[in-house]
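Chemist: Got a structure for you, questions after.
The values are calculated or read from the model by the stated rules, or taken from the named source; none is laboratory data. The structure displayed is predicted, hence computed values, not measured ones. Here Cβ is always computed from backbone atoms with ideal geometry, including for glycine, and neighbour counts include all displayed protein chains.
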Amino acid sequence: MTQPIIYGEADAPQKRPVWPAIGRGARGRCPNCARGKLFRRYLKVVDRCEVCAEEFFHHRADDAPPYITMLIVGHLAIGAMLHLEMTIEPDPRLYLWVILPAIVVVSLAILQPIKGAIVGLQWAHRMHGFDPENADELSA
């Protein structure tokens, strides 16, 4: 088991801005420079930024983006369905032809920005290999 690194004020790593990094990631941009692309395909994160050479191959977004997407879309869909049931009592085919496709479209629309935001958050907090001072974390 490795000992935690305790930084003094003089040798502490430079703080990274959290909210700008999350926003850049959500826009599909490099959290470091905001100029390079974060994704090479729909959900495939680039190995490194083509502008600033920041490495992203070690990110661990894993299950967080789909979970957050399901949480958001589920609340929106259930709220919409409850509202429809209480106001107009719609034909069940409305759910099949309108609500289900809307769930799919909204899920696909927000999944990539959420994944980018998670990668930006990890970069800002130096998690999962984004901290060059703690490189042994990658081999664990």
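Chemist: Before we move on, is residue 39 over 24 Å from residue 14 (Cβ atoms), under 23 Å from the mean Cα position of the chain (by Cα), aromatic (Phe, Trp, Tyr) and surrounded by 13 or more Cβ atoms within 10 Å (Cβ to Cβ)? Write out each step before concluding.
Modeler: On the way: over 24 Å from residue 14 (Cβ atoms): yes; under 23 Å from the mean Cα position of the chain (by Cα): yes; aromatic (Phe, Trp, Tyr): yes; surrounded by 13 or more Cβ atoms within 10 Å (Cβ to Cβ): yes.
Spelling it out, residue 39 is indeed over 24 Å from residue 14 (Cβ atoms), under 23 Å from the mean Cα position of the chain (by Cα), aromatic (Phe, Trp, Tyr) and surrounded by 13 or more Cβ atoms within 10 Å (Cβ to Cβ).
Chemist: Moving on. Give the range 118-132 a look and list any residue that's part of a helix (DSSP H, G or I), of a type outside the set (S, T, N, Q) and buried (at least 18 other Cβ atoms within 10 Å of the Cβ), or say none.
Modeler: Step one: list which residues in the range 118-132 are part of a helix (DSSP H, G or I), which gives 118-124, 132.
The next check asks that each one be of a type outside the set (S, T, N, Q); those that pass are 118-121, 123-124, 132.
The answer is 118, 119, 120, 121, 123, 124.
Chemist: Among 82, 108, 94, 76, which is modelled with pLDDT under 95, over 25 Å from residue 20 (Cβ atoms) and out of contact with any strand residue (DSSP E or B) (no Cβ under 8 Å at 6 or more places or on another chain)?
Modeler: Details: 82 fails: modelled with pLDDT under 95; 108 fails: modelled with pLDDT under 95; 76 fails: modelled with pLDDT under 95.
Of the residues listed, the single one that is modelled with pLDDT under 95, over 25 Å from residue 20 (Cβ atoms) and out of contact with any strand residue (DSSP E or B) (no Cβ under 8 Å at 6 or more places or on another chain) is 94.
Chemist: Looking for whichever is surrounded by 10 or more Cβ atoms within 10 Å (Cβ to Cβ), farther than 25 Å from residue 29 by Cα and free of Cβ contacts under 8 Å to residues at least 60 places away in the same chain here; the options are 108, 96. Which one fits?
Modeler: Working: 108 fails: farther than 25 Å from residue 29 by Cα.
Within the list 108, 96, the selection yields 96.
Chemist: Test residue 108 against the criterion of being out of contact with any Gly (no Cβ under 8 Å at 6 or more places or on another chain), assigned to a helix (DSSP H, G or I) and farther than 22 Å from residue 133 by Cα, and give yes or no. Spell out the reasoning first.
Modeler: Values: out of contact with any Gly (no Cβ under 8 Å at 6 or more places or on another chain): yes; assigned to a helix (DSSP H, G or I): yes; farther than 22 Å from residue 133 by Cα: yes.
In short, yes.
Chemist: A further question follows. Across the range 51-97, what is the total count of residues that are outside any loop (DSSP other than H, G, I, E, B) and either more than 15 Å from residue 119 (Cβ to Cβ) or of a type outside the set (Gly, Ala, Ser) (or both)? Steps first, please.
Modeler: Taking the range 51-97 first, the residues outside any loop (DSSP other than H, G, I, E, B) are 55, 64-87, 92-97.
Then keep just the ones that are either more than 15 Å from residue 119 (Cβ to Cβ) or of a type outside the set (Gly, Ala, Ser) (or both); that gives 55, 65-87, 92-97.
Final tally of qualifying residues: 30.
Chemist: Now a separate question. What number goes with the only condition from (1) assigned to a helix (DSSP H, G or I); (2) modelled with pLDDT under 95; (3) of a type in the set (D, E, K, R) that residue 115 does not pass?
Modeler: Condition not satisfied by residue 115: (2).
Chemist: Let me ask another. Can you name the residue in the range 59-83 that is more than 14 Å from the chain's Cα centre (by Cα) and touching a residue at least 12 places away in the same chain (Cβ under 8 Å) and, of all such residues, is surrounded by the most Cβ atoms within 10 Å (Cβ to Cβ)?
Modeler: Checked the range 59-83; the qualifying residue surrounded by the most Cβ atoms within 10 Å (Cβ to Cβ) is 73.
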